[in-house]
Amino acid sequence: MVTRHSSQGGYIALLTVLIVGAAATAIGVTVLTLGADSQKNALISQQSRQARYLATACGEEALQVIHDTTSYTGTANLTLGQGTCSYTVASTGSSTRTVTATATVGTVVRKLQASVTINSASISVSSWQEIG
């Protein structure tokens, strides 16, 4: 009597290994993608904070220029740390100025605007806010 062994057991084992391997690969790719997205978000968050600080520094530089030369209006650029910024001082009256500072770090841009009143011996900031 001739006995035949079924070869289906080998195919089932091979198919199981392929399915488990594909699932493990999919899980691995998902974990790597989530990690990369998390790193990208962390970098953008860090650049956003740096740009905000840089815009503030640029605005403060403009205030110092106004303090030193009360008739000043104009634009200047600064490079600090990882980014660049520019500020514009515009006259909005004989004793008022508007300061607009824009900072860029990487791909992140932050802007702020301040309203300044010039007094005889000092300057005062009536508003200081981030703008779109």
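The values are calculated or read from the model by the stated rules, or taken from the named source; none is laboratory data. Just so it is clear, the model here is predicted, and its values are computed rather than measured. Methodologically, a virtual Cβ is constructed for each residue, glycine included, from the backbone with ideal geometry; neighbour enumeration extends over all protein chains shown.
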Scanning the stretch 93-114 for residues that are assigned to a strand (DSSP E or B), farther than 22 Å from Asn77 by Cβ and either in contact (Cβ under 8 Å) with a residue 12 or more places away in the chain or of a type in the set (A, V, I, L, M) (or both) gives Thr96
Let me spell it out: the conditions are (1) under 14 Å from Cys58 (Cβ atoms); (2) assigned to a loop (DSSP other than H, G, I, E, B), and Ser120 meets all of them except one. Which number is the exception?
(1)
Can you go through Leu34, Leu43 and tell me which one is at pLDDT below 85, among the hydrophobic types (A, V, I, L, M, F, W, C) and either surrounded by 10 or more Cβ atoms within 10 Å (Cβ to Cβ) or closer than 27 Å to Thr107 by Cα (or both)?
Leu34
For Thr75, which of the numbered conditions (1) assigned to a helix (DSSP H, G or I); (2) in contact with a Phe, Trp or Tyr (Cβ under 8 Å, 6 or more places away or on another chain); (3) not basic (Lys, Arg) fails to hold?
(1)
With the requirement that a residue be closer than 10 Å to Val99 by Cα and not acidic (Asp, Glu), what does the stretch 50-79 give you?
Cys58, Gly59, Ala62, Leu63, Ile66, Thr73, Gly74, Thr75
Those residues that are in contact with a Ser or Thr (Cβ under 9 Å, 6 or more places away or on another chain), closer than 19 Å to Lys111 by Cα and either exposed (fewer than 13 other Cβ atoms within 10 Å of the Cβ) or β-branched (Val, Ile, Thr) (or both), I need them from the stretch 67-82; list them, please.
Thr73, Gly74, Thr75, Asn77
Which of the residues belonging to the stretch 89-114 are more than 16 Å from Cys58 (Cβ to Cβ), under 28 Å from the mean Cα position of the chain (by Cα) and surrounded by 12 or more Cβ atoms within 10 Å (Cβ to Cβ)?
Gly106
Take Ser86 and tell me if it is exposed (fewer than 15 other Cβ atoms within 10 Å of the Cβ) and not charged (D, E, K, R).
no
